[in-house]
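Okay, so here's the structure we're looking at.
We did not get these values from a lab; they are worked out from the coordinates using the rules stated. The shown structure was predicted, so the numbers you read here are calculated from the model rather than taken from an experiment. Glycine also receives a Cβ, built like all others from the backbone with ideal geometry; neighbour counts cover every protein chain displayed.
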Amino acid sequence: MSTRDEILIELGISPFWKKSLEGRTRFDAEESVTYTSVSAGEMKSGVLFKSSLHTIVGKGDPEAGWVFIAESPSAQGGDSANSLLLGDASKLFSNMLIAMHLARDKGVYLIDVLQTYSSTEDAIIVKEEGSCTEFLDQQIQLLRPSIIVAMGSAAAKRLMRDNAMLDCRRTVHDYCGFDLVVTDHPLDLLKESSKKVNAWKDLCFASDLVKGHQEDASVS
């Protein structure tokens, strides 16, 4: 017997779904964008969205209070369905969660935007960037987390949409009505271990925010 999640995926009504643009948005012939289909098997592997330039993969607790969003080159892992923070970066991320008394499979959801760099025309890139960001917006509204943590400057730029704010560490930003804080990508921490101190301070700041929300909720 299929599980509830498998049934929802087969029906195309699972909580995480591919944003289909076919039939909704028309592109000029010279600026056409080919969006590949995402199979049920790929969705089970964690693929949430796929276009010619972007693949969004995700894994974790759909009821998560914590959503971590990273952005990585797709070359990091080869197969996009399995490129969700690999190797030492994955171990470091897990250790960071353990230090915060969190776990990947409970209360945490990780989203990784994998980019494929190409010589595609600028107009097409802009359209795909917009579609990718729109999809992220929708997923956040579905998850409704207590906090979002953008890991790395690329993810921060995509979510904050204001490059002037990228240096505002340990500051609460707004993303779709949810609290957003910025820290370093695990790959950057592996390359430059001196950044780990500041990254830990970022995560402690985020933890204090979540605790504050929980205390406010209990009082009300």
Expected sort for 183, 133 with the fewest Cβ neighbours (10 Å cutoff) up front is 133, 183
On full extension of the chain, what length is gained from residue 188 through residue 91, given 0.36 nm per residue of separation minus the C-alpha to C-alpha distance? 33.6 nm
Taking other Cβ within 10 Å of each residue's Cβ, how do 219, 67, 47 sort, fewest first? 219, 47, 67
Evaluate the distance, in nm, between pseudo-label points positioned 7 Å from the Cα of residue 196 and of residue 219 along their respective Cα→Cβ axes. 3.7 nm
Taking 0.36 nm per residue of separation between residue 63 and residue 178 and subtracting their Cα-Cα distance, the length gained on full extension comes to 39.9 nm
